[in-house]
1. Name every residue in the stretch 331-343 that is among the aliphatic types (A, V, I, L, M) and without any contact (Cβ under 8 Å) to a residue 40 or more places away in the chain, in order of residue number.
2. Here is a check on your reading of the model: is residue 317 in a helix (DSSP H, G or I) and either in contact with a Ser or Thr (Cβ under 9 Å, 6 or more places away or on another chain) or over 26 Å from residue 273 (Cβ atoms) (or both)?
3. So which of 172, 128 is under 21 Å from residue 346 (Cα atoms), buried (at least 21 other Cβ atoms within 10 Å of the Cβ) and over 16 Å from the mean Cα position of the chain (by Cα)?
4. Just to verify a result, which residue in the stretch 344-378, among those that are surrounded by fewer than 24 Cβ atoms within 10 Å (Cβ to Cβ) and among the basic types (Lys, Arg), is nearest to the chain's Cα centre (by Cα)?
5. Name the single residue, out of those in the stretch 131-152 being of a type in the set (Asp, Glu) and assigned to a helix (DSSP H, G or I), that is most open to solvent (accessible area, probe 1.4 Å).
6. Mind counting the residues in the stretch 282-299 that are of a type in the set (S, T, N, Q) and either over 15 Å from residue 321 (Cα atoms) or at pLDDT below 95 (or both)?
7. For the stretch 70-92, state whether one or more residues are in a helix (DSSP H, G or I), free of Cβ contacts under 8 Å to residues at least 60 places away in the same chain and touching a Pro at 6+ places or on another chain (Cβ under 7 Å).
8. Search the stretch 358-377 for residues that are assigned to a loop (DSSP other than H, G, I, E, B) and pair each with any residue that is open to solvent by 60 Å² or more (accessible area, probe 1.4 Å) and among the basic types (Lys, Arg) when their beta-carbon atoms are under 9 Å apart and the residues are at least 6 apart or on different chains.
Amino acid sequence: MSNLVIRKLDETAAGGPIGTRLAAWRRRRGLALNDLASRTGLDLGYLTGLEVGRDWVDRRGRLAKLAHALRLDITDLTGQPYPPHGEDHVAVRAVAFRLRGHLACRPPNTSTGVSLEELAELSQAAAQADATGDEQLLALTLPELIQDADRASVAASGPERDEVVRMRVQAQVMAAGLLRRLGYKDLAWTLLNQARASTREPLPVLVEEVRLLIDLGLPEYALARTKRADDVAPSWEVAALAAIAQAMTGRRQEAEQLLTTAADRVTDARESALVIAARATVAAEHGNAAEASEHARMADQAALSGAHRSSLLVLAAAAEARQGRADQAAARLLAAEAAAPLRLRLDPFARDLIAALTTSTRVQAVAVKVLAERAGLR
């Protein structure tokens, strides 16, 4: 391998844009851009723009195609897990290693005597942090919660043990979600397998597995999981995730049918807003930025928690940028960061868009550069 390629691969480890890593890996594989375009079915102009930093990745299906064509894991292109940048990120990364250590330990054979009420209070705090997108608080809460739940399950019996197991599984699922977002996808999968072994109602585990498989760029496997989840308990969330997986494969009609099913299953304003957000995601996956923007505007942001609101705003930002409205896109990203700061900065699609906007914004130019610095992109 030439010194130039080694240097470029070293640069891609620093958490920069996907296009930089794409160029380095393409050269390492000995592929011309024309070859990559042929393998992926993606436009040559788009790939060129991606590698030189004029364009960005905002579609899961495209990212999966690129990774598959280069025989890579998705994280080889996104650069996850990202080098820590800022005290909050450092704290969250440290907890990832604590969770890895937990997986290597044997289950306890004695209880600490933690009460069900104390465990429920800690579980509620973790769930609240997860909903608001407070990754640091979630990370600080999870190790103690999982440890206490493990120990409490030893002594508990009857209905009390069922409740302890439920909280234990909920904690493991939240931890798997955190590890997935950080980029430790193998650890997330291991944790989900552990959670599956301890519950008779695996729906939360199945749902998180679907999310993980989507993030891994494996939509067909995700669809198989959604069918199993529907057998356990049909829900709007399973149908919405299945729609996104179908969109990743280019099956728009099937995706729309699933979105209709999801809409029929909702029970409140929050769920309705999340289904509309899924509609925006499906439209974006099919390259219809105007439609994605319209759905994003229709979603009731007030009904969403910080984490979901941030995700919706990232989607809206990408749709605005695709329509040539860079400053509006930047404003959406800044609002997304305000809603859930670290979750935004760890989102590979948000990071890629931030990097692209640093050279295309005018009114928001300074704000975007500062945001890029906070994300460790500059």
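1. The answer is 331, 333, 334, 335, 336, 338.
2. no
3. Within the list 172, 128, the selection yields 172.
4. 374
5. The selected residue is 144.
6. Adding up the residues that qualify gives 0.
7. Yes, there is a match, as at least one residue in the stretch 70-92 is in a helix (DSSP H, G or I), free of Cβ contacts under 8 Å to residues at least 60 places away in the same chain and touching a Pro at 6+ places or on another chain (Cβ under 7 Å).
8. From residues that are assigned to a loop (DSSP other than H, G, I, E, B), the pairs are 358/369; 358/378; 359/54; 360/54; 361/369.
The values are calculated or read from the model by the stated rules, or taken from the named source; none is laboratory data. The structure displayed is predicted, hence computed values, not measured ones. Every residue, glycine among them, receives a Cβ derived from its backbone with ideal geometry; neighbour counts consider all protein chains shown. Surface accessibility is based on the protein's heavy atoms, side chains included, excluding ligands, DNA and RNA. Shrake-Rupley method; radii C 1.70, N 1.55, O 1.52, S 1.80 Å.
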